[in-house]
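Student: Input: one structure, supplied below.
The values are calculated or read from the model by the stated rules, or taken from the named source; none is laboratory data. Fair warning: this is a prediction, and the values are worked out from it, not measured in the lab. Glycine gets a Cβ as well: all are built from the backbone with ideal geometry, and neighbour counts include every protein chain shown. Only protein heavy atoms, including side chains, enter the accessible area calculation; ligands, DNA and RNA are left aside. Shrake-Rupley method; radii C 1.70, N 1.55, O 1.52, S 1.80 Å.
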There are 2 protein chains.
Amino acid sequence: MKRRIVMIGCGVVGQGFLQILVDKKELLKEKYDFEPVLVGVADMMKGSILHNDGMDIEAFLKHVEETGNVHEFPAEGATIGLNSVQTIREAEADIMVEVTYTDIKTGEPATTHVKEALNKEMSVATTNKGPATLHFKELCDLASKKCALFKYEGVVMSGTPIFDLLDYCLAGNDVLEVKGILNGTTNFMLDKMETENMSYDDALALAQKLGYAEADPTADVEGFDALAKVVILSNVVLGGNIRPEDAERTGISGITIEMVQQAKAEGKRYKLIGSTKLVDGKIVASVKPVKLPLSDPLAGVGGAINALTFKTDLSGDITIQGPGAGKIETGFAIMIDVLNIHRELQ
Amino acid sequence: MKRRIVMIGCGVVGQGFLQILVDKKELLKEKYDFEPVLVGVADMMKGSILHNDGMDIEAFLKHVEETGNVHEFPAEGATIGLNSVQTIREAEADIMVEVTYTDIKTGEPATTHVKEALNKEMSVATTNKGPATLHFKELCDLASKKCALFKYEGVVMSGTPIFDLLDYCLAGNDVLEVKGILNGTTNFMLDKMETENMSYDDALALAQKLGYAEADPTADVEGFDALAKVVILSNVVLGGNIRPEDAERTGISGITIEMVQQAKAEGKRYKLIGSTKLVDGKIVASVKPVKLPLSDPLAGVGGAINALTFKTDLSGDITIQGPGAGKIETGFAIMIDVLNIHRELQ
């Protein structure tokens with residue numbers, strides 16, 4: 001079955017998604033009866049193109065990789081020059097893929113994109129943290145009203161499935177608490193400080209050299225990145241309605257090599273833990289360094305890996321770990337959302 | 001929507017499943033539009049009862065817990081005395097739950113039960129390892145032909161979802177290798193030998209005392225239990241067609257406290273690892289003790305916990321860990337299968 005897709009944003013994640021559609025074309029068609037038709041792409045920097053007859057995805061991807069632009073892709077009869085909202089409005093699509101850059105303060109322009117699509121009864125797949133962090137309930141209600149689906153698997157732990165895990169695999173459980181390692185950069189640094197006796201500054205410099213940490217590492221080391229994910233988990237998984245300022249936040253910049261080595265001597269290990277739980281009907285959420293006993297499943301999570309433990313009433317403690325970033329991994333998060341929209345719409 | 005269920009086997013797992021249906025009645029109805037109707041139960045030891053108008057699940061469960069029998073449950077108009085196959089044949093059910101005792105050599109009588117149900121176009125949810133180990137492809141083909149579903153989430157890692165994880169959350173990935181800790185008893189023993197410097201014999205005695213290991217511990221310590229799961233993973237996940245004798249098997253009875261402590265001194269840890277992968281189109285499967293580096297996600301899995309790592313082409317290495325046994329946990333495996341059958345049949 002053909003599914004018509006319009007994509008807003010055409011950076012690393014969007015291209016990763018298109019790459020998977022190309023590489024897995026046969027599998028998706030044969031096993032899942034899924035044939036993607038790309039009818040439009042708009043990117044703030046790379047331009048836009050709309051062609052409701054559909055475009056050759058492989059050729060389009062090659063063009064973007066080679067030229068760095070979208071609008072010059074040769075497709076007779078295509079409309080170019082539309083902005084992102086116009087592209088969504090003019091697109092005859094079943095699914096809108098939203099992979100623009102996250103602005104965690106305003107949630108824009110992603111939230112506008114999502115609303116435009118849902119209002120047209122298009123389902124949405126996004127990796128953008130903004131809409132889910134700031135407007136989760138409103139967007140779910142809108143989707144439900146329009147008989148469309150709002151999917152966001154990639155906003156936490158990228159291609160490692162957590163929301164689908166809860167929806168499809170752990171349905172019926174009450175989740176009592178969620179806690180995990182939600183930032184790969186700080187986990188990598190703490191790992192190096194323990195296993196290679198590296199100082200905080202050296203571990204940070206190495207993380208920057210390897211491309212894990214930004215030149216300004218504040219979002220990672222002070223816990224803001226993990227905090228956004230904790231807010232999403234609080235609101236999506238536990239049904240809360242909190243904002244970032246409602247959660248305690250302490251980063252790892254106060255952690256010294258002596259503290260890490262002292263913990264090691266005690267048979268413990270520092271991890272930057274994001275956690276959220278309901279206490280007397282109220283969300284209690286935090287991001288902070290915690291000295292874990294080595295028997296904790298999260299203590300064994302090394303390197304730039306993410307992990308989450310769900311404490312559930314029926315299934316006990318379920319821990320999942322996997323990559324928290326990456327072009328193909330995050331592109332996969334969009335693909336599984338799109339595929340599950342396809343399956344649920346059938 | 002009402003879904004009519006017949007259950008074959010009424011031991012710990014079956015009662016755990018019924019308990020969840022009772023405890024989660026409101027949630028299942030409100031969130032998933034799922035209303036179970038129990039039309040029949042047959043158990044080799046406890047007797048059978050069939051009532052196609054449906055029976056009060058809470059009252060039935062209480063009766064079984066108090067009396068230890070099925071057939072004396074007071075339900076006017078019920079038929080008693082049928083055997084399991086007759087019960088399936090006479091039941092007007094949408095779903096057959098198969099939770100009888102596993103006979104791994106013959107797969108019976110579970111395989112007969114599954115075939116009877118599928119031939120009647122009933123979908124099947126089972127925790128029985130026999131049918132999936134010995135007749136997987138045949139049963140999938142039969143289910144497909146009859147437009148019914150064959151679900152078996154609980155046969156590996158009980159309530160920790162792995163097959164649904166692949167189907168719903170990691171669809172589109174090629175799985176290149178599966179490896180994990182598939183036996184909680186041996187994991188508990190190795191853990192004690194390392195962390196409490198306990199001898200093999202003392203660790204085994206403690207596992208027996210705590211109810212993890214049977215009086216005859218052969219199936220656990222010699223790797224037969226893990227082997228059955230590796231065979232299932234090979235055939236279900238990697239599309240193989242192997243039998244237990246096709247896989248290498250070494251248990252932990254040759255592991256001494258000296259070996260465990262020597263590994264610890266090297267910064268490594270012994271785990272009984274079940275693994276399977278495709279090499280040149282051929283399944284290579286084994287169960288054996290492996291000295292893992294502590295950086296391996298499986299090295300951190302302590303106690304009587306199970307864990308599996310899927311090496312995938314798109315999502316990287318995804319590891320899930322959770323309980324591998326338990327009344328409610330395994331009952332949940334049946335419940336999620338039944339719920340997903342309900343959702344897919346809609």
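Student: Compute a Gaussian network model of chain B, connecting alpha carbons closer than 10 Å, and tell me which residue from B:114, B:175, B:155 fluctuates the most.
Tutor: The residue with the greatest mean-square fluctuation here is B:175.
Student: Given segment A:12-138, what percent of its DSSP beta bridges are antiparallel, to the nearest 5?
Tutor: Numbers: 7 of 11 bridges.
Of the beta bridges lying entirely in segment A:12-138, close to 65 percent run antiparallel.
Student: Please work out the average accessible area per residue across the protein assembly as shown, using the 1.4 Å probe convention, and give it in Å². Present the calculation step by step, with values, prior to reporting the outcome.
Tutor: Values: 27940 Å² over 692 residues.
Per residue, the protein assembly as shown has 40 Å² of solvent-accessible surface.
Student: Rounded to the nearest 5, what is the percent of antiparallel bridges among the DSSP beta bridges in the protein assembly as shown? Show your work: numbers first, answer last.
Tutor: On the way: 75 of 113 bridges.
Of the beta bridges lying entirely in the protein assembly as shown, close to 65 percent run antiparallel.
Student: Could you give, in nm with one decimal, how far residue B:245 is from each other copy of that position, shortest first, with labels 7 Å out from Cα toward Cβ?
Tutor: Result, one decimal in nm: 7.2.
Student: To continue, here is another question. Can you give the accessible area of residue A:46, probe radius 1.4 Å, in Å² rounded to 10?
Tutor: 40
Student: Using amide H atoms built 1.01 Å from N in the peptide plane, name the residues 5+ places from residue B:3, or on other chains, whose amide H lies under 5 Å from its own.
Tutor: B:35, B:37
Student: Counting only the heavy atoms of the protein chains, how much of residue B:100 is accessible to a 1.4 Å probe, in Å² to the nearest 10?
Tutor: Here the residue's solvent-accessible area equals roughly 30 Å².
Student: Next question, about the same structure. Gaussian network model of chain B, Cα springs within a sub-10 Å range: biggest mean-square fluctuation belongs to which of B:274, B:223, B:172?
Tutor: B:172
Student: With a 10 Å cut-off between alpha carbons and a GNM built on chain A, which of A:264, A:24, A:192 moves the most?
Tutor: Comparing A:264, A:24, A:192 in a Gaussian network model of chain A, the most mobile one is A:24.
Student: For segment B:166-250, compute the orientation-averaged projected area of the C-alpha convex hull (one quarter of its surface), in nm².
Tutor: Details: hull surface 28.7 nm².
For the Cα atoms of segment B:166-250, the hull's average projected area reads 7.2 nm².
Student: Point me to the residue of chain B whose C-beta lies closest to the B-onto-A rotation axis, rounding the distance to whole angstrom.
Tutor: B:300, 1
Student: Once amide H atoms are built 1.01 Å from N in the peptide plane, which residues 5 or more positions from residue A:313, or in another chain, come under 5 Å H to H?
Tutor: Counting only residues 5 or more places away or on other chains, the set is A:174, A:176.
Student: Roll a 1.4 angstrom probe over the protein heavy atoms and tell me the percent of accessible area of segment B:195-346 that is carbon or sulfur.
Tutor: Details: 3160 of 6380 Å².
In segment B:195-346, the share of accessible area belonging to carbon and sulfur is 50 percent.
Student: On a 0 to 90 degree scale, rounded to 10, what angle separates helix A:184-195 from the longest Cα axis of chain A?
Tutor: Tilt of helix A:184-195: around 30 degrees.
Student: Taking a ≥ b ≥ c as the square roots of the Cα gyration tensor eigenvalues, with a/c under 1.5 meaning rounded and otherwise prolate when a/b beats b/c, else oblate, which class fits segment A:65-123? Don't skip to the end; give the middle numbers.
Tutor: On the way: a/c = 2.40, a/b = 1.35, b/c = 1.78.
Cα axes put segment A:65-123 in the oblate bin.
Student: Output the 0 to 90 degree angle, nearest 10, between the alpha-carbon long axis of helix A:327-345 and the longest principal axis computed from the alpha carbons of chain A.
Tutor: Value to nearest ten degrees: 60.
Student: Would you mind telling me the share, in percent, of accessible area of segment A:1-145 contributed by carbon and sulfur at probe 1.4 angstrom? Please report the intermediate quantities before stating the final value.
Tutor: Working: 3270 of 6680 Å².
Ligands and nucleic acids excluded, carbon and sulfur reach 49 percent.
Student: Per residue of A:290-299, what is the mean number of Cβ atoms on other protein chains within 10 angstrom of that residue's Cβ? Walk me through the numbers before you get to the answer.
Tutor: Values: counts 0, 0, 0, 1, 4, 7, 2, 10, 1, 2.
Across the residues of A:290-299, the mean count of other-chain Cβ atoms within 10 Å is 3.
Student: To continue, here is another question. Relative to the longest principal axis of chain A, what angle (0 to 90°, nearest 10) does the C-alpha long axis of helix A:57-67 take?
Tutor: 70
Student: Give a residue-ordered list of calculated ³J(HN,Hα) values for segment A:108-122 (Karplus: 6.51 cos²θ - 1.76 cosθ + 1.60, θ = phi - 60°; whole Hz; x for Gly, Pro).
Tutor: After applying 6.51 cos²θ - 1.76 cosθ + 1.60, I find 9, x, 4, 4, 4, 4, 4, 5, 4, 5, 4, 4, 8, 6, 7 Hz.
Student: In nm², what is the average projected area of the convex hull enclosing the Cα atoms of segment A:48-194? Mind showing how you got there, number by number?
Tutor: On the way: hull surface 49.4 nm².
Mean projected area for segment A:48-194: 12.3 nm², to one decimal.
Student: Between residue B:258 and the same site in the other copies, what are the distances in nm, shortest first, taking label points 7 Å from Cα along the C-beta direction?
Tutor: Listed shortest first, these distances are 4.2 nm.
Student: Just to check I understand the Karplus step: with θ = phi - 60° and J = 6.51 cos²θ - 1.76 cosθ + 1.60, what whole-Hz values come out for segment A:208-221, glycine and proline as x?
Tutor: Computed from phi, the couplings for segment A:208-221 are 5, 4, 7, x, 6, 10, 6, 4, 9, x, 3, 4, 6, 6 Hz.
Student: Order B:295, B:48 by their accessible area, 1.4 angstrom probe, all chains in place, largest first.
Tutor: On the way: B:295 90, B:48 5 Å².
Result of the area sort, largest leading: B:295, B:48.
Student: Taking θ as phi - 60°, what are the ³J(HN,Hα) couplings along segment B:48-53 by the Karplus curve (6.51, -1.76, 1.60), each to the nearest whole Hz, with x for Gly and Pro?
Tutor: Using θ = phi - 60°, the values come out as 9, 8, 9, 8, 5, 7 Hz.
Student: Moving on. How large is the convex hull of the C-alpha atoms of the protein assembly as shown per residue, in Å³? Walk me through the intermediate numbers first.
Tutor: Details: hull volume 111.0 nm³, N = 692.
Taking the convex hull of the Cα positions in the protein assembly as shown, it is 160 Å³ per residue.
Student: May I ask which residue of B:195, B:159, B:205 lies farthest towards the positive end of the charge dipole of segment B:85-218, with charges of +1 (Lys, Arg) and -1 (Asp, Glu) on Cβ and the Cα centre as origin?
Tutor: B:159
Student: Put a point 7 Å out from Cα along the line to Cβ at residue A:89; what are the distances to that point in the other copies, in nm, shortest first?
Tutor: 6.7
Student: From the gyration tensor of the Cα coordinates in chain A, what semi-axes in whole Å does the equivalent ellipsoid have, largest first, with each one equal to sqrt(5λ)?
Tutor: Values: eigenvalues 272, 103, 62 Å².
Equivalent ellipsoid of chain A: 37, 23, 18 Å, largest first.
Student: With a 1.4 Å probe, how much accessible area is buried between chains A and B, both sides summed, in Å² to the nearest hundred? If you can, show how the numbers build up before the last one.
Tutor: Values: alone 15480 and 15470 Å², together 27940 Å².
Using a 1.4 Å probe on protein heavy atoms, the buried area is about 3000 Å².
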